[in-house]
Every structure is written in structure tokens, then in C-alpha cells.
Amino acid sequence: MDRSYDPCEDFYHYACGNWKNEHPIPDTAIDNNWFAERTFHMLRHIKGYLQQNSSESDPVPVVQARTMYKSCMDTDELDRQGLEPMFQFLQDVGMNPLPKLPSNTPGSDVEEPFNWLPIAVKTKRRIFQDLFVGFAVYPQDTNRSVYRMKLGTPDVRSPLPGSVRDVETEIDKRRRKAKMSEDEDDDPYSAAFLEYLAHSISYIYKWNNTGPFDKEFDISVKLAAISIYQLDDKLTRPYRMVMNAYDSKDKADEMEMSVEELQNWTDLSINDTSQSLKMNWTEYITLMYEDIENVTLDLNGKDKIIVTDPDYIRALAKVLSDTSKQTIDLHVFWTVIEQDANSGVVIEKIIYLSFFYLLTNECSQFLSTFCSSSVNYMMGMAVSYSLADIKFLNETKARVEEMLDDILWGFSSLVRSVTWMDEETKKATLEKAAAMKNYVGFPDWLLDKEKLEMYYEGIEMNETTYLLNMMNILQLYTTTMLLNLRRINDEDGSELILITYPTDVNAFHTFQLNAITVPAGILQFPFYGLGLQALNYGAIGTVLGHELTHGFDNSGRQYDKNGNLRQWWTNSTVEEYVNRTACFIEQYSNYKLQDIDTWVNGKLTLGENIADNGGMRESLRAYRRYVQRKGSEAMLPGVDCEQNVIIFTLFMNIWCETWTKESLRWALDDEHSPNHIRVVGVLSNSPEFSKVWKCRKGSRMNPERDKCQIW
């Protein structure tokens, strides 16, 4: 705290002003906050667990996780193998490990037959990586009991753990945003990306090759980089069209069609009718399900395809039909090898690290943290076995579930008190809230050694095959996803498979499950276990309220109590709700990030802002209910103030952060407002806050404007 600040003018600096002095930004990051610090704390625990010697009593997956950790840490073996594992993977999926580079000599680039579809399928089956098109088997939005095949925009995130995953993701996001900008001069990332491409391609082609490399080779490398970049640029345009459509009334709805209908529909997008240019969807889907047991496709009957982003799929067909086969070959090659490179296969040498991130002299420490994170990313349930404790289930889980009951009561009381909802909608909303499930800590079955071993059945690990170890896990994950096509989705969410791992320092709401997930990882200081319940309700309580409210934010409100997407509110209530969201959009759009002279995007952050505001109000009511049930708590030693003061201060404390100009720029692309804006926005909407802190009307924390409120 920095009590030199007036809490009614700047409560963030009053409660967090000295935080940055005690919590400087690590050299490996561009910002810092409690979530990042406690995640690193969890990684230290994971590292210690993975470094332990295994015994006969340990579950097989725990032993395998430690084997994977050793394969990641064995830099001598990784250096000896070099890029060979990557080249072998390229061959396995049907690619030439070193595709022909373009030439500057006229007439030398002869088109050779190249069918990318089988390669795309094998890559998806092997490492869950999308090429050009996104493919998945997920529950249907309007009927979550049924799994459907879906096609849409590709998931650009790497399925493999990256050495600088957060930075990697943000750089890619910034590059794509810059490319989508009308102002080409505002694009510092494109030049860097082109240089990265050229360096990487040159490195790969020269690796373990003693042949001569002249200026012609350098020119070919640059031409290859340019062709990959240009195709990536063309693919970004339809991606931009899809993203922009989400904010307009022109968004194309999802389309359900047979494979034949899909084929005819995409063929209309191309100018040439030759078979070689068409995307053969029957071949794509059939290959995807080749040798998948217990699934016999009926592409002419019941197995319809849901196209989630029709505009993108049509544009993709057109772009690829107008692109040379050599360029497509190079782009596929790059997409695949980039994932392998970023996964740390040759962690001290691969060009990705030298380009985006300079290793310090503490390489061994960095490597052990990276490997711990990678194993947790790939085998999170096995790693979470270290947290499985019956005492946790009997004590901590029970107390958190009790707190969730209070939060639910707080939300329900707010619903009953609002005047903008009709009675029919209130009743349905209360029913959804009552039906909301919660998964706290870890699933009970994690205590069962046999069930954990069943979870990872079929996995093989070797101390000398790091990349192959990861691929084995991803292949099992993909196969499980494909098998879901014939499953009835009666899963109650208790396995936490697709949500997160217990080691995660976060909390989540899942619309289709109508469920809150609170991993064991976040149930630690400073979020939980703080002694007084006033402290706990101010910290984790507001987080729980935030997640519950997501079920009724601008997106969550569209899913009913069973997790199905449909309109279950009356038209008049929907209209009132939308009108009230305008207040939040305007409020947060008026917050300026002074360090970068830019405004927050109130529309992008709307859902999170609604959840933040609702969570705070629910937590205050929940704590009052706790006191009514249990009686007043003792005062905090040395602090002579009412408990609401403590709740507000703890709410503020968990969002303390240290930022840089670059982290603020990246935050503009996130659906969350920067932390300091989140809390100022919430508390300036809180009449309870102004009353407790005696803030005069017109002060920054008690502005003259109407206070935004939905819940």
C-alpha cells in the first residue's frame, strides 16, 4: 500500500502503489502480477516433484512425466539429435524435409504435383496442428449432448509447449493485427517476421550440410520467406473479415451441410474448374477418420459438417486456388517446422530463441523451468497427482464450496431485486444459477492410481526422444477427440479434461457445461488461505463471483441451464440487458492508458467488465450472509476498520501489477482490461465502496455519472 494517495481519487495506487517496488518485472517478462508470480511458484513445486526419484508405488503416468522431464533436460542428447527428429516428422507426414526453394532464374521454378490435404490430416492426427483450416469434433452449440465435426478458422496457437509461449503468442497476435491494419507504416512486426523466416529457413537448410552456399542460395531463401509471408498475408485477410464480422450485423451464421454440399459450395469460390485446385473434402474427412476404431463415417447421410466460419472457408478455397503449389508447399513446411522449432527441440541453438529471446547465463535454471512447464502442459493430470490430497478434499474443497454457495445466494438475491427483468426471465435465470456446477481443486478420481493410469493409457515415453514423447501425447489427444463423434455427451465435467489442469493458477467458467472450475493452483496465497474469511471473500470470493457472473455476461447469457445456445430470455429483457451494457462500454472506453496515450476498448472487454462488477457485488453480499450464519469475525490485528474495508482492499490487492508500455499495448488486444483499470472501473461503480471510504460525489472513485450496473 501507498497511503500517501487519496483512496477516493486513486484507490489503485493507495492499495498497490508500492507493489512494483517489491515485485519487479522478471527479466523473462514484460509485466508482473500475482497470477504470474504464483504460477512461477507452482512451477518450482512441479520442478521439485519431477526431479524426485520414482518408486514402485508411483502411478505409471507420474514415472512417465519424470521421464519426459529428463528427455527435455538432456541437452547433450538434444544437441546430438539436432534437427533430425523434425526432419523425420516431416517425412512421416509425407513432406520433403527440404522443399525446393524458389529461384531467381527465369523458367527454373517448375510446378510439381503437391497435395497438401493428406499432409494436413497427418499433421492434425499426429500433433493436433491445423494447416489452413481448423478441424475439430466438439459438442454442438445448440445441443451439447451431440458431438459434431466442425470446420472453420485454424487455431494458430502451437499445440506444442513453447519456450517463450506467452511472448510467442503475443508477438503473433500483434503481427496479425498490424497486418490487418489499413496503415502499413504501423507494422514493425512484418519486417521482423520476414527476417525471422529467412534466418530460420537458412539455418534449417544449412544444418548438417557441408555443401557450398552462394549468393543464389541467399536469394532463394529470401524469395522463400517472401512467398510464405505473402500467402500468410492473403490468409490473414479472410481471417480479418471473420473477426470484423463478429462486431457487425453481417456475420454469417454457422452452416450445416453434407460433405457433397460443402464441396459444391467451396468450388463456387474458385475460378478454375480443374480437379487439382479443388479442396477435396471427402478425402480430407475420410483420411481424418482412417483407422479410427468404432467410427464408420456416413458422409452421405447423418454425418453433416458444421462450418463455423463460412466466409473464411470460402475465401480460403479462393486463395489456395490462386496460389502456386510451390508456395503452398513452402507454407505447409514452415507451419509444421515452426511448431517443432519453438518447442525447444534444440533449445540452445534453434533460431527462434536467438531471434525473439536472449538466454541469460542462467541457462540451466531457465531450461529446468521451461521443461517443468512443458511437462505440466503436456501431462498436467500426472503432474497434478502431487496435489492430490484427501485432506484437501475434506477441508479446503468443502470450505470453498461453502463460499460458492454464499456467492450463488448473493447473485440470486441480486436477480430478485432487479427491476429490468420480467418475472419469467428472472425465474429462468435463477434456475440456471441453481443448476450451475462447480469443480473445485482436482477431480476425486485423481486420488485413484488405477484411474490415472487409465487416463494416460497408450502413452509411451523415452528419456532420449523428447519431441516424440510430446507427439505421442498429442496423437492420443487427437484420437480421443475423433472418437467423440460417436459419443453421447453426458459428461458431467468432473474430469476437467478440456477445461484446465489442477495446477493452473486461474479460474474458469464454461458456457456449455454451465460450470465454474476452480483449480487447486489458485487456492493459495494471496488468493486463499488468508485466515480471516473477510480476506478470503475479498480475494478468491470476488474471483468466484466473477466466474459465476460469466454465465450471465453478454455471451454467457445466451446459453441456457443445460449449456445449449438458444434464446431463453424474453425479447423485452434482452433489449433491457443490451441497453444496460452500453453504460459499461462507454465507461471503460473512457479510460485512457496514459503511458501509451491510448484508450481501453470497452466493447472488447465488455464480458470481463460485467463479470468483474457482478463478482464484487456478489462477494459483498456473500460475506454478509457468512457473518449472519457464523457470527462476526475478530478484527484484523492492528487494523481498526470494518470488514468491508478489508474486502475492498483484498479485491484490489489480487490485481496489483507492474506494467510496461509494451505490455499495455498487448493488453489492448485482450478481452480483459488492464488490472488497474479493472479495479478502478468496478469500485467507481460501487455505492458500497463510496459509503465505506466516505468518497464525496465527484471524486474519481465516486464520479458524477450514473453508476453502471446489471447485477
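Coordinate-derived values only; no laboratory data. Predicted model, so just to flag it, every value in this text is computed and none were measured. Heads up, the Cβs are rebuilt from the backbone with ideal geometry, glycines too, and the neighbour counts pull from every protein chain shown.
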- For D389, D322, order by how many other beta-carbon atoms lie within 10 Å, fewest first: D322, D389
- Message: Place a point 7 Å from the Cα of E216 along the Cα-to-Cβ direction; which residues of region 85-103 have their backbone N under 11 Å from it?
- Response: 103
- Item | Helix-only mean residue ellipticity at 222 nm for the chain, each DSSP H run of n ≥ 4 adding -39500 (n - 2.57), per residue, nearest 500 | -16000 deg cm²/dmol
- Note on the structure: Fewest-first ordering of C8, C583 by Cβ atoms within 10 Å yields C583, C8
- Calculate, in nm to one decimal, what D444 and T598 gain on full extension: separation in residues at 0.36 nm each, minus their alpha carbon distance. 50.8 nm
- Query: Taking neighbour Cβ counts within 10 Å as the exposure measure, how do C16, C695 sort from fewest upward?
  - Reply: C695, C16
- So the FRET efficiency between E195 and V418, C-beta based with R0 = 56 Å and rounded to 0.05, is 0.50
- Dividing the mean separation of Cα pairs under 8 Å (6+ apart) by the residue count of the chain yields a relative contact order in percent of 20
- Would you work out which of Y559, N18, N644 lies farthest towards the positive end of the dipole of the chain, given +1 charges on the beta-carbon of Lys and Arg and -1 on that of Asp and Glu, about the Cα centre? N644
- Query: What Kirkwood radius, in Å to one decimal, follows from the Cα pairs of region 392-524?
  - Reply: 17.7
- Message: What Kirkwood Rh does the chain have if only Cα atoms enter the pairwise 1/r average? Answer in Å.
- Response: 27.7
- Note on the structure: Residues whose modelled amide H sits under 5 Å from the amide H of Y439, counting only those 5 or more places away in sequence or on another chain, are I516, T517, V518
- Item | Normalised convex hull volume, region 601-711, alpha-carbon set, Å³ per residue | 127
- Item | Added length on full extension, which subtracts the Cα-Cα distance from 0.36 nm per residue, E662 to T479 | 61.9 nm
- Where both partners of a DSSP beta bridge lie in the chain, what percent of those bridges are antiparallel, to the nearest 5? 70
- Query: If you line up the long axis of helix 60-73 against the longest principal axis of the chain, both from Cα atoms, how many degrees apart are they, to the nearest 10?
  - Reply: 70
- Query: What is the extension gain from N18 to R44, computed as 0.36 nm multiplied by their sequence separation minus the C-alpha to C-alpha distance, in nm to one decimal?
  - Reply: 6.8 nm
- Item | With Cα atoms, 0 to 90° folded angle of helix 423-435 axis to the chain main axis | 70
